[in-house]
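**Student:** Mind having a look at this structure? Questions to follow.
Nothing in this text is a laboratory measurement; each read-out follows from the coordinates by a stated rule. Since the structure is predicted, the reported quantities are computational estimates derived from the model, not experimental observations. With ideal geometry, Cβ positions are generated from the backbone for all residues, glycine too; neighbour counts draw on all protein chains shown.
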Amino acid sequence: MAKRKLKTNRSAAKRFRITATGRFKRKKAGMRHFMRRKKQSSKRNLRTGGYVDKTNQKFVERLLPYA
């Protein structure tokens, strides 16, 4: 009897990329609207990506079983 294949969560697959060391890259939130009231330095900081926190790492791994 074959083991059932796991499904990848497609919304998570579009939001996260895995690195060579096994961490997940992500975009920062807050760049969609209300840009006029944000400081230029804040907007510049939001442009750079981030990594998924180690407390959420296992949750993202469960969403992306074959990443």
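**Student:** Once every DSSP H run of n ≥ 4 in the chain is given -39500 (n - 2.57) and the sum is divided by its residues, what mean residue ellipticity at 222 nm do you get, rounded to the nearest 500 deg cm²/dmol?
**Tutor:** Numbers: 3 runs with 21 residues, N = 67.
After summing the helix terms and dividing by the residues of the chain, the value is -8000 deg cm²/dmol.
**Student:** Counting Lys and Arg as +1 and Asp and Glu as -1, each charge on the Cβ, what is the dipole of the chain about the Cα centre in debye, to the nearest 20?
**Tutor:** Details: 24 positive and 2 negative charges, 74 e Å.
So the magnitude is around 360 debye.
**Student:** Most fluctuating residue of Phe24, Phe16, Phe34 in a GNM of the chain with Cα springs under 10 Å: which is it?
**Tutor:** Checking each option, the largest mean-square fluctuation is seen for Phe34.
**Student:** Which of Gly50, Ala13, Phe34 sits farthest toward the positive end of the charge dipole of the chain, with +1 on the Cβ of Lys and Arg and -1 on the Cβ of Asp and Glu?
**Tutor:** Phe34
**Student:** Using Cα springs under 10 Å in a Gaussian network model of the chain, which residue among Arg47, Arg32, Arg15 shows the largest mean-square fluctuation?
**Tutor:** Arg32
**Student:** Another question, if that's okay. So what J values fall out for the stretch 12-21 if you push phi through Karplus, 6.51 cos²θ - 1.76 cosθ + 1.60 with θ = phi - 60°, rounded to Hz, Gly and Pro as x?
**Tutor:** Values, residue by residue: 6, 5, 7, 9, 10, 10, 8, 8, 5, 8 Hz.
**Student:** List the residues, sorted by chain then number, that are 5 or more residues from Arg17 or on another chain and whose placed amide H is less than 5 Å from its amide H.
**Tutor:** Lys25
**Student:** Next up: Please find, in a Gaussian network model of the chain (springs between Cα atoms separated by less than 10 Å), the residue of Ala20, Ala12, Ala29 whose mean-square fluctuation is greatest.
**Tutor:** Ala20
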